[in-house]
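Once you've had a glance at the structure underneath, I'll fire off some questions.
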């Protein structure tokens, strides 16, 4: 049993999927949900994702041995401040935010309990939001990255690691700055690019670009349908790393633009061939690692 | 009957899918394939895509009343030159290339037959290539854009329009420069962005960025698995329009970068919200237009 009483702060796609997955694994006792939207919390109870909910933060974590924060980054400041002094002495706290430096800064508000806070980030999700989209198995065969700091207690890290392993995740630990840079490259940058493409097209000839957009565009911009508030918060939390990724990417685009200006077919062909080869390899490695069937979980 | 004897120059994904679709519609008599790769042509016969093949261009078009060029853009110059003087006096020629100014320039090599050449572009495809991936129904409910010039005979345009309509396409006509700009925005630009993202990531920390890339990245870069030779040719054929699109897009990225530098959450939220709203509307319009089931044809 990972937890006798688990409190999920923010019962959306990720928090809800974690609760569902832990329950299906028989890894937790009571699951308490906390949030501001009682309609969503009632739905979570109806769906069997949580047992009950509280709208008072202290009541929500009372008696909990494990607390998972799955709220947007910006909301975490208030949550950490509200939790300070109200956690059991062995209660472990973790989160699922995708910009760890920012979260760790905020978590210092926990005071004494900061040593039992384990920064975490499951690399899984869909463009959908809300508990209605929560599914058991979302994290299976996906990486979860933990970024403990010097103060973090080893026992707390071990417990959070076990939690993720019970829902099938592959757990790795790394330095938080390294995490933030990797995520800027592989997740935050692609989201910026997708939002920017829709933004650019919308400023062209009215409806026409969208009318003739084909399947490639549909896939390319799927992530532009992600939650704008979450993405604003990620931008504000991981701005410098995202700007670094944007700069590197724009240098690449500038190189392609020069190749176009020069009519340099050889350079373009090499760029496209290398990219195709690398992407095809990525896909076959991914399929081997995830299993074909599981693959659908994140791509739908 | 659209054609008594149809010749497909280049029996790959598009040429093969057109042949299959026309046959299934009972819209053509004999289908002759032409290409350089006899292995591929034999496969096309085995798959029932074509009745027979020729590796001599003149033999391939002998007696054909309709000729469809579905070869990479760069190969078209030689094909047009080779066809000059060897087409029947009523034979109509069309193509499926995605950069029309370049194709029309090349088509002038047809000489007298240029007036019966109808530049065309079906907005459909997958990242797969080759006749093995050819499917009947690929063009159903998709746009096909025709870009006739002043010299183009109306009767030839009408005939090519009927051909595409028989395979279920929605046919529109527009000015060729307009076509090339729209395609640069909606197709060529996204492909550059996907190739560039894989290129950028491959120059980072070795394997790591790819290891942690999630589902969004997979979808985003699907089009980076497209045929590099085809894309080099499109770049060389439509360079100025693609550079125009790249410039507009990089201006958008630069704006997002400034918002990040300023920590301007309001501007970022507006950008992301507008993009999400526009993209969600695009998707629902697309699903309404295509029918859910049909949608799968281009997105897989």
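Which of (1) touching a residue at least 40 places away in the same chain (Cβ under 8 Å); (2) under 29 Å from residue A:249 (Cα atoms) is the odd one out, the single condition residue A:116 does not satisfy?
For residue A:116, the failing item is (2).
Being in contact with a strand residue (DSSP E or B) (Cβ under 6 Å, 6 or more places away or on another chain) and under 25 Å from residue B:135 (Cβ atoms) is true for just one of B:160, B:167. Which residue is that? Steps first, please.
Numbers: B:167 fails: in contact with a strand residue (DSSP E or B) (Cβ under 6 Å, 6 or more places away or on another chain).
Every option except B:160 fails the conditions.
Can you confirm whether residue A:111 is assigned to a loop (DSSP other than H, G, I, E, B) and either within 22 Å of the chain's Cα centre (by Cα) or assigned by TED's automatic domain parsing to the domain that holds residue A:39 (or both)? It would help to see each step written out before you state the result.
Values: assigned to a loop (DSSP other than H, G, I, E, B): no; either within 22 Å of the chain's Cα centre (by Cα) or assigned by TED's automatic domain parsing to the domain that holds residue A:39 (or both): yes.
When the stated conditions are applied, residue A:111 does not pass them.
If you don't mind, there's one more thing I want to ask. Looking only at segment A:231-262, count every residue that is out of contact with any helix residue (DSSP H, G or I) (no Cβ under 7 Å at 6 or more places or on another chain) and buried (at least 21 other Cβ atoms within 10 Å of the Cβ) and tell me the total. Full working, then the answer.
So the first thing to find is which residues in segment A:231-262 are out of contact with any helix residue (DSSP H, G or I) (no Cβ under 7 Å at 6 or more places or on another chain), and the list is A:240, A:247, A:251, A:254-255, A:258, A:262.
Right, trim to buried (at least 21 other Cβ atoms within 10 Å of the Cβ) and you get none.
Of the residues in that region, 0 qualify.
What helices (runs of 4 or more DSSP H), lying completely within segment B:183-295, carry at least 1 residues that are within 28 Å of residue B:100 (Cβ to Cβ) and facing chain A (nearest Cβ under 7 Å)? If you could, list the steps in order and put the result at the bottom.
Numbers: elements: B:189-202, B:208-211, B:215-220, B:228-237, B:239-262, B:265-290.
Per the criteria, B:189-202, B:215-220, B:228-237, B:239-262, B:265-290.
Considering only segment A:13-39, state which residues are under 17 Å from residue A:130 (Cβ atoms) and in contact (Cβ under 8 Å) with a residue 40 or more places away in the chain.
A:13, A:14, A:15, A:16, A:17, A:18, A:19, A:20, A:21
Also, quick follow-up: Output the number of the condition that residue B:150 fails; it satisfies all remaining conditions of (1) out of contact with any helix residue (DSSP H, G or I) (no Cβ under 6 Å at 6 or more places or on another chain); (2) within 12 Å of chain A (Cβ to nearest Cβ).
Of everything listed in (1) out of contact with any helix residue (DSSP H, G or I) (no Cβ under 6 Å at 6 or more places or on another chain); (2) within 12 Å of chain A (Cβ to nearest Cβ), residue B:150 misses just condition (2).
Output the number of residues of segment B:3-21 satisfying the condition of being surrounded by fewer than 24 Cβ atoms within 10 Å (Cβ to Cβ) and touching a strand residue (DSSP E or B) at 6+ places or on another chain (Cβ under 6 Å).
3
Just to verify a result, which residue in segment B:94-128, among those that are within 14 Å of chain A (Cβ to nearest Cβ) and under 20 Å from residue B:240 (Cβ atoms), is surrounded by the fewest Cβ atoms within 10 Å (Cβ to Cβ)?
Checking each candidate, the answer is B:102.
Please state which one of B:132, B:125 is touching a helix residue (DSSP H, G or I) at 6+ places or on another chain (Cβ under 8 Å), part of a loop (DSSP other than H, G, I, E, B), at pLDDT below 95 and in the same structural domain as residue B:12 (by TED's automatic domain parsing).
Values: B:132 fails: part of a loop (DSSP other than H, G, I, E, B).
Just one listed residue meets the conditions, B:125.
On to the next question. Would you check if there is a residue in segment B:64-73 being at pLDDT below 95, in a helix (DSSP H, G or I), within 14 Å of residue B:106 (Cα to Cα) and in the same structural domain as residue B:156 (by TED's automatic domain parsing)?
So in segment B:64-73, the residues at pLDDT below 95 come out as B:71-73.
Still in the list and also in a helix (DSSP H, G or I): B:73.
Within this subset, residues satisfying the condition of being within 14 Å of residue B:106 (Cα to Cα) are B:73.
Next, only the ones that are in the same structural domain as residue B:156 (by TED's automatic domain parsing) stay: B:73.
Within segment B:64-73, one or more residues are at pLDDT below 95, in a helix (DSSP H, G or I), within 14 Å of residue B:106 (Cα to Cα) and in the same structural domain as residue B:156 (by TED's automatic domain parsing).
The values are calculated or read from the model by the stated rules, or taken from the named source; none is laboratory data. Since the model is a prediction, treat every value here as computed from it, not as a measurement. Because the Cβ atoms are built from the backbone with ideal geometry, glycine has one as well, and the counts that use them run over all protein chains shown.
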